[in-house]
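Asker: Sharing a structure below in structure tokens format, with a few things to ask.
Each value in this text was obtained by applying a stated rule to the coordinates, not by laboratory testing. Because the structure is a prediction, the values reported are computed rather than measured.
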């Protein structure tokens, strides 16, 4: 399994992109900060403001459940996927190229080409 350059992926990801994928509906905005219901623990009140996301710093925090992190962390927390699978899934959904780590020879590692099952 090829390795992902997670530092590069985190630099490329934007919190606004992930919030859009999650269907986040902000209740309020103050500058670059948005507030609304927490997508991690699933706030039940639509006017809840326990979730705070900073759209320029690409970080977030929930004041109810205590979850916090960057854009990738948010996707992983909500989708409940392991890191590797979640990163690949998020890149696919956003139309981003997965930042594969370079091999010792300096070439980018790529996943093996997927094969169709026999008879497909």
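Asker: If each DSSP helix of 4+ residues adds -39,500 (n - 2.57) and the sum is divided by the residues in the chain, what number results at 222 nm, nearest 500 deg cm²/dmol?
Answerer: Computed mean residue ellipticity for the chain: -8500 deg cm²/dmol.
Asker: Normalised by the residues of the chain, what does the relative contact order come to in percent, with Cα pairs under 8 Å and at least six apart?
Answerer: 24 percent
Asker: Sticking with this one: Could you check how many percent of all C-alpha pairs in region 6-94 are farther apart than 14 Å?
Answerer: Summing the P(r) tail past 14 Å for region 6-94 gives 60 percent.
Asker: Tilt of helix 83-94 relative to the longest C-alpha principal axis of the chain, in degrees (0 to 90, nearest 10)?
Answerer: 80 degrees
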